[in-house]
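Reviewing the structure listed below.
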Amino acid sequence: MIALTTTSIAWVLLIVVTAGFIVYAVLNGRSAREELGSEIELAPNRKKYLEDEELEGRRLEMVQFTGVVLLAITVIALPLYWVFEPARQAGAVEAQEEIFVDWGERLFAPTAEGGFNCAGCHGGYAGSGGEAAWNVTDPVTGEVEAVNWKAPALNNIFYRFDEDEVRFILVYGRPFSPMSPWGVEGGGPMNDQQIDTLISYLHSIQIPRENCGVGEDDPKSCPSGNLPSDIQADIDTRAWQLVDDGTYGSYGEALFNLDLGSGAYSCARCHTPGWSWGDPGVTGQGAFGWNLTGGKAASAFPDEADMISFIKNGSNYGAKYGIQGQGSGRMPGFGSMLTDEQIEAVVDYVRGL
């Protein structure tokens, strides 16, 4: 707000100064016309100048007063500029971010509104999750089937991935899914500037987090925050209901297979074939993510605490994990989505597959 006020004052001063120069130019032009033909009589070096009494009287005092006023303005203006400059810069950054968000929203818009139809698959402008028409091919029979693929919500995408990972997904897409490459480097239509503005829009629609740390002022992106407790409680309630009605045999199994709601997807989305279009195969047998059955999870992570940490933080690109594992960046982190108890229940279930 301070930055915007300072900018407004600067514009007013610029207009006043500009108007003054225009007035001066007009008046000077008019007086110049009177001098035409009278150069000798009116030439400054041929006219009698003011007497010493007049020069050293009122006129001198006015010149001195004007100098003091200008000095005072300089002495006051420079410190004020120093005080308000950080706010002005912050205001400029905020204004730029607002412009980026607006541009990104136009790209996110449905095709009918001139956008690239991100909203069409991912649940409208709120990015709360939706469906995408897709064709899948049976690897055994070769039969092609039209399905509705569950497109994940994007209003908590930065809960699970950092900005570089989101950028990679946007540029190169998700192979073997409806998510096609959108960046020029991946063969898509968007340049780097458009990808940047789209990411700015995604930041703007994030579900505000709870329990942000000291100095983390933005609840939509604070690193230490977590999904609101009421949403986590809803996940907990639905998981136990599925256990109580016999759909799943344990709390961890229910969480593994649960559509987490509020835009999140479960472990089964990537680790169970067919889950994404409502026709799940063997639980944990692998799809976009690796096969977890046959004790593979426990073999990859002999130390259960390492596996818990891996699920919390995700697969950081190039980072080591477990036994001879190296992160590809594809595994999201669920530490901000689920509680510690929920993650531990999932790990306990997976290690027993």
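Before moving on, here are some points about what is shown:
- Here's the picture: charge each Lys and Arg Cβ at +1 and each Asp and Glu Cβ at -1 in the chain, and of Gly246, Ala305, Gly274 the one pushed furthest to the positive end of that dipole is Gly274.
- Residue with peak Gaussian network fluctuation, the chain [Cα springs, cutoff 10 Å], from Asn257, Asn313, Asn135: Asn135
- Cβ distances below 4.7 Å define possible disulfide partners, and in the chain the cysteines left without one are Cys118, Cys121, Cys267, Cys270.
- Mean projected area (nm²) of the alpha-carbon convex hull when segment 118-204 is viewed from all directions: 6.1 nm²
- Ala151 long-range amide H proximity, modeled H, under 5 Å: Gly130, Glu131, Ala132
- Within the listed set Gln89, Gln342, Gln64, the residue fluctuating most in the Gaussian network model of the chain (springs between alpha-carbon atoms under 10 angstrom) is Gln64.
- Under a model in which nothing but the beta-carbon of Lys, Arg (+1) and Asp, Glu (-1) is charged, segment 118-204 shows a dipole of about 200 debye around its Cα centre.
- With at most 13 neighbouring Cβ atoms within 10 Å, loop GluC sites (Glu not before Pro) (DSSP) excluded, longest segment of the chain: 144-353
- Dipole magnitude for segment 211-348: computed about the Cα centre from +1 point charges on Lys and Arg Cβ and -1 point charges on Asp and Glu Cβ, it is near 660 debye.
- When Rg/Rh (Cα atoms, Kirkwood Rh) is calculated for this entry, the matching label among (1) 1.09; (2) 1.30; (3) 0.97 is (2).
- Considering all different alpha carbon pairs of segment 177-323, the Kirkwood hydrodynamic radius works out to 18.1 Å.
- Here the 3J(HN,Hα) profile of segment 325-337, calculated from phi with Karplus coefficients 6.51, -1.76 and 1.60 at θ = phi - 60°, is x, 10, x, 9, x, 7, 7, x, x, 10, x, 8, 8 Hz, Gly and Pro shown as x.
- log₁₀ of I(q)/I(0) at q = 0.14, 0.16 Å⁻¹ - segment 310-349, Debye sum with one point per alpha carbon: -0.32, -0.41
- Among Gly104, Val83, Gly124 - extreme Cα towards positive end, dipole of segment 60-160, charges at beta-carbon: Val83
- Taking the chain as a Gaussian network of alpha-carbon nodes connected by springs under 10 Å, the highest mean-square fluctuation of the residues Ala239, Ala95, Ala109 belongs to Ala95.
- Loop-exposed trypsin sites (Lys or Arg not before Pro) per DSSP, neighbour cap 10 Cβ within 10 angstrom, longest uninterrupted part of the chain: 49-353
- Degrees, to the nearest 10: 192-204 long Cα axis against longest axis of the chain: 80 degrees
- Among the lysines of the chain, pairs at least eight places apart or on separate chains and with Cα atoms under 30 Å apart come to 8.
Here, each number is a calculation from the coordinates, and none is a lab measurement. Everything numeric here is computed off the predicted structure, so don't read it as measured data. Virtual Cβ from ideal backbone geometry, glycine too; neighbours counted across all protein chains shown.
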